[in-house]
Structure formats: structure tokens, C-alpha cells
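Asks: Sending over a structure as C-alpha cells; questions will come in a sec.
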Amino acid sequence: MTELTHPLATVPQDELVARAEADPLRPRFHFVSPAGWLNDPNGVSQWNGSYHLFYQYNPEGAFHHRIQWGHATSTDLVTWTDQPVALEPSAGQDAEGCWSGVLVNDGGTPTLVYSGRLEGRELPCVAVGSPDLLTWTKDAANPVIAAPPAGVDITAYRDHCVWREGTKWRQLVGSGISGRGGTAFLYESADLRTWDYIGPLFIGDASQGDPADTDWTGTMWECVDLFRAGQGSLGSATSDGSPDVLVFSAWNDGDTHHPLYWTGRYAGDSFEPAALHRLDYGGRFFYAPQSFQDESGRRVMFGWMQEGRSDAAMVEAGWSGVMSLPRTVTAAEDGTLRFAPVPEIEKLRRDHVGLSGPVLSGLLEPLDTGVSGKQLDIELELELEPGGLVRLGVLGSVGGGTSSPAEETVIELYRAADGGNNGTLRLDRTRSSLDPAVDADDKSGPVPMPGGRVHLRVILDRSAVEIFANGIALTARVYPTLGGDHVSLAAEGPAQVQSLDAWTMAGIFDGARSLFP
Ligand code: DQQ
């Protein structure tokens, strides 16, 4: 065990795991670190059949400091085995932290490209893995890029997207240009060690819109992720018409805003943007996403579900940060992305409750669904006429009936009277918690609903909520204090709930975990 060095390390390390596991708000079927701090997914991949999830980890306590790479493996994307820490800061370029990065297959050699932090600045570093990916050796030449591009006034410079194109490697490093906007710098290399700078792939415009806007592109792009949404590989001229996608997390002066994506076409040395989109309506609650193509060809994405409670509350709880469930990413006909939890997750389903119908149609008092629980997977088929609204309440603190619960988290689907085939998904957290200190901001955004039909999926894991409405994602955190587990359903106006299916979800961790597996 390392010596506690940080003033926030107030919980003794041998108590952290017990403290974390005792927290009723800690998710049970999402991946969480054994205790302490977790942030971005890193090096997400499938290698010889096994899935690898690395993550930004501080085992010293639930605060961001001296970040290491935690590591877990899985054969099914559902249950995870803790593995030894993959990267830890050491004398040299990563003495202050091993920040985010990726895993690539260098002719059979597993290789990490990550951001080493030293004296408050990050630079690209490389480490090579043993064949089982459990032991990592840092390159003696780190950093492999000595400095950000000369003559450019940057806001920050870190995080990596690396891919093979023809006979060369290409790399993006997230950054921002002062007075202009976020960007990703493009490099090329024959060996992952010597990199030629090509130029900015594409530069955002931070003067467009307002920092409070849900699609403001920020002054720096964290964790850039470039991929082709359909079949075909990046840079190849043959394509099934699917767009190339540049995902980034908009950042400004220490504030994590939200993940966004540009669709467009990557060709030659630049990216021609077509349109900008919000990636997840939960904003910072699905931050720094990273994706990979698995051996079956699916694109799978993880994101960091950061906390909405105070720094002090996290430290006290002994843990912070949840990894989202892995979600598949596909392109809809209009070129925008659709998300769904990987189907493997369904193996955790127990105790099915099914109602079909119509279960509920307009202007009814809240219906007691007979469903209750804090770990649930709920699927609903809705039909909304113009002006119709359906409201699903979860984590309600009273047993149903007409009285308004003291605490309840409410998911709303609404089709405006003149909304055509579009409607709104909204997460109302104003009554999620009696604790006035937790984040309760409204989260919402438009959802296509052809003919008023909506497939709604709500995955609830104590403080973690992932919502998918016709493949549009809204991810957030909630902190109920009363321990309520009631599920209610209500409709207003011309709206019908055609069916409801719900399952209790089993936990994925048995037995005590170790901070240092
Ligand atoms: N988190 C990492 C950085 C990245 C940020 C540090 C995004 O590499 O830019 O823990 O959440």
C-alpha cells in the first residue's frame, strides 16, 4: 500500500473498500473501481476474445490525483475480473499521472498510447504489454512527442486516438487553440515512437453559442475518438455511405461540459464536418467516451458517469465514478448515431414483470405498476398522439396511489401538439433527492418518434440511470435519501403505454474486492 500523500486522503486505505461497498447508492451491475476514484474509460478493446477495460484510477481515495490505469477483463462485457494496475506514475514524464489513452495492436504487441503528466503538462507516452496484457513496460524514449506543435497557443494538449491506415499509424491528440476553439492535432508514424506532425484535423469555433449551451464546443476537446460508423475502415474510399464520426468531450478551463460528435468525412489529412450533435443528453454524466470495434464488428462505447454530489461527499463515501454499461453505436438513416446497451446485459435479468395492453392511456392518475426495485431494466412501448405525454417515475419513496412521493426520479416523453414526428425526452431530477447539495439540473433533448411511437428503455442501478428513447441516450446520476424503490406510470393527453416489461438486475461483483488486485 502506498503512503497517503494527499490532504484529501482522509479515509484510511484499508477502510476504503468496506466504506464503498456499504454505500447503498453504489451501483451493483455497472463497473465501478474497487474503491477510490474512477474516471475515463481507457484502452477499451477485445484481445484474443477477452474484453479489456482500463480506467483512470486513484486507489488513494475518491478524488482525482496521481492517476493510474486500473484494469479489468471480461469474457462477456457483463461481469468483470479485477486485474493488477496497468500503469502507475513513475519518475519521468508520467510522474504526476498516467492520463487517458488507448490500446493498439502493434503487429501482435499490445501497446498503450497515453498522456504522461509532469509539471502540470501532459505529453504522449507509450508502454508495451506482455502477451496477457497484465504487465506493462514504459518506453525509454517517453515522451514520444516532445512538445505540442510549435508556434500554436494551445489551451491544453492530451488524450489520444490511434489507428492504422495503410502502412502507417495515425494519431489524434486532443487540444484547443486559444481564441479559436477545440481541435485535434493529427500526426503520422511508422513505429508509434517517432511522430510527424501533420496539422489540426479540424478546428472548432468557441465563439459560436454560449458556454451554457448544451452543444457548445468548448475551448478544448478531451478524449477525441474518430471512427467510421458503418462498415469500412477510416480513410478508405469504400464505404456503405455511413458517416465518419469525430467524438469529443467539450472542456473549458477545468470544467467538463459534455460529449458531442461531428459527423462528416475524414479524407486525406482533414475532416470535413457535416453536422454537430449531442452524444448524450445527460451532458457531463456521460463524459470522455471511448469506443472500439469488437471481434464481431460491433462498435462498443463506454463513458464515465461522473458524480453529482460534492467533493466532500465523494471522499466520505470512499468511492467516486461509474463506468457506463457498454453500448453499441450504430448510424441511423439520417447519419446520426443510435445507442443501445449491449444485449449481453440481458443475462442479468431476473423476476420478469410484464404488462401489455394498452397498459395505460391518457388522463389517468399514476398507475401502480407492481414493479419495484433499485436495480431494474425496464422496457416500454409508447404511442403518443400530438400533445401526449407519458411519465415514468422510479426510486419513488411512497407505495403508490395518488399522493405525490417525497422523492422520485421522473422520466418524461412528450410529443408536442405541433411536433410532427419529433418529441422530447426529459429527465426531471428536481425531486430525486431531498439532499439540496446534489446536482438536480434538468436534462432533456429532442427524440425522433415516427408515428408517435417510442421504445423506451430505462436502466437503473441505484445512483446510476441510463435512458434510451428510440436509441437516443440520456445518462445521469441521482442520490435519493429515503431508500424508495417504487415505480409508477402516468399519462396525460392522448398517450398510450402499449406494454411494460421489467426485470430486477443481478449484481456482478461477489465477495470483497481489493484496491490493489
Ligand atoms: N481525464 C483525464 C484526461 C482527460 C480527462 C485525466 C477527461 O486525460 O482529458 O484523468 O475526463
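The values are calculated or read from the model by the stated rules, or taken from the named source; none is laboratory data. Predicted model only: the values in this text are computed from it and were never measured. Here the Cβ is made from the backbone with ideal geometry for all residues, glycine too, and neighbour counts use every protein chain on show. Accessible surface areas use protein heavy atoms only, side chains included; no ligands, DNA or RNA. Shrake-Rupley method; radii C 1.70, N 1.55, O 1.52, S 1.80 Å.
Asks: Of all residues in region 224-250, which are touching a His at 6+ places or on another chain (Cβ under 9 Å) and not aliphatic (A, V, I, L, M)?
Replies: SER249
Asks: Checking the conditions here, which among PRO259, PRO211 is within 15 Å of the ligand (Cβ to nearest atom) and closer than 20 Å to SER444 by Cα?
Replies: Exactly one of PRO259, PRO211 is within 15 Å of the ligand (Cβ to nearest atom) and closer than 20 Å to SER444 by Cα, namely PRO259.
Asks: Turning to a different aspect of this structure: Consider region 311-336. How many of its residues are within 15 Å of the ligand (Cβ to nearest atom) and in contact with a helix residue (DSSP H, G or I) (Cβ under 7 Å, 6 or more places away or on another chain)?
Replies: Result for region 311-336: 1.
Asks: Evaluate region 307-325: report whether one residue or more is assigned by TED's automatic domain parsing to the domain that holds HIS65, hydroxyl-bearing (Ser, Thr, Tyr), open to solvent by 20 Å² or more (accessible area, probe 1.4 Å) and farther than 26 Å from PRO448 by Cβ.
Replies: Yes, there is a match, as at least one residue in region 307-325 is assigned by TED's automatic domain parsing to the domain that holds HIS65, hydroxyl-bearing (Ser, Thr, Tyr), open to solvent by 20 Å² or more (accessible area, probe 1.4 Å) and farther than 26 Å from PRO448 by Cβ.
Asks: Can you list residue pairs whose Cβ atoms sit under 7 Å apart, with the first residue in region 92-106 being under 10 Å from GLN56 (Cβ atoms) and the second being assigned to a loop (DSSP other than H, G, I, E, B) and within 11 Å of the ligand (Cβ to nearest atom)? Count only pairs 6 or more apart in sequence or on different chains.
Replies: Between residues of region 92-106 that are under 10 Å from GLN56 (Cβ atoms) and residues that are assigned to a loop (DSSP other than H, G, I, E, B) and within 11 Å of the ligand (Cβ to nearest atom), the close pairs are GLY97/ARG66.
Asks: Residue check, GLY199 against (1) closer than 18 Å to TRP262 by Cβ; (2) more than 16 Å from the ligand (Cβ to nearest atom); (3) buried (at least 17 other Cβ atoms within 10 Å of the Cβ), all met but one. Which one?
Replies: (3)
Asks: Which one of the conditions (1) away from the ligand (no atom under 16 Å from the Cβ); (2) under 23 Å from PHE227 (Cα atoms) does LEU103 fail to meet, given that it meets all the rest?
Replies: (1)
Asks: Check whether at least one residue in region 132-150 is at pLDDT 95 or above, crowded, with 16+ Cβ neighbours inside 10 Å, within 16 Å of the ligand (Cβ to nearest atom) and within 14 Å of LEU103 (Cα to Cα), and report yes or no.
Replies: So far as region 132-150 goes, no, none of its residues is at pLDDT 95 or above, crowded, with 16+ Cβ neighbours inside 10 Å, within 16 Å of the ligand (Cβ to nearest atom) and within 14 Å of LEU103 (Cα to Cα).
Asks: In the list HIS71, HIS64, which residue meets the criterion of being open to solvent by 40 Å² or more (accessible area, probe 1.4 Å) and either away from the ligand (no atom under 11 Å from the Cβ) or within 24 Å of ALA18 (Cβ to Cβ) (or both)?
Replies: On inspection, the qualifying residue turns out to be HIS64.
One line per residue, one yes/no per condition, for (1) polar (S, T, N, Q); (2) within 16 Å of the ligand (Cβ to nearest atom); (3) over 17 Å from the mean Cα position of the chain (by Cα); (4) closer than 22 Å to LEU276 by Cβ:
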| site | (1), (2), (3), (4) |
| --- | --- |
| GLU295 | no, no, yes, no |
| VAL300 | no, no, no, no |
| TRP304 | no, yes, no, yes |
| ARG309 | no, no, yes, no |
| ARG338 | no, no, no, yes |
| ILE345 | no, no, no, no |
| ARG350 | no, no, yes, no |
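Asks: Same structure again: Determine, yes or no, whether ASP205 is open to solvent by 40 Å² or more (accessible area, probe 1.4 Å), in the same structural domain as THR336 (by TED's automatic domain parsing) and on the phi > 0 side of the Ramachandran plot.
Replies: In short, no.
Asks: To continue, here is another question. Within region 77-100, which residues are open to solvent by 20 Å² or more (accessible area, probe 1.4 Å), within 20 Å of VAL44 (Cα to Cα) and either acidic (Asp, Glu) or within 12 Å of the ligand (Cβ to nearest atom) (or both)?
Replies: ASP82, GLU88, TRP99
Asks: Here's another thing I want to ask about it. Tally up the residues in region 158-195 that are open to solvent by 10 Å² or more (accessible area, probe 1.4 Å) and either without any contact (Cβ under 8 Å) to a residue 40 or more places away in the chain or charged (D, E, K, R) (or both), please.
Replies: Of the residues in region 158-195, 13 are open to solvent by 10 Å² or more (accessible area, probe 1.4 Å) and either without any contact (Cβ under 8 Å) to a residue 40 or more places away in the chain or charged (D, E, K, R) (or both).
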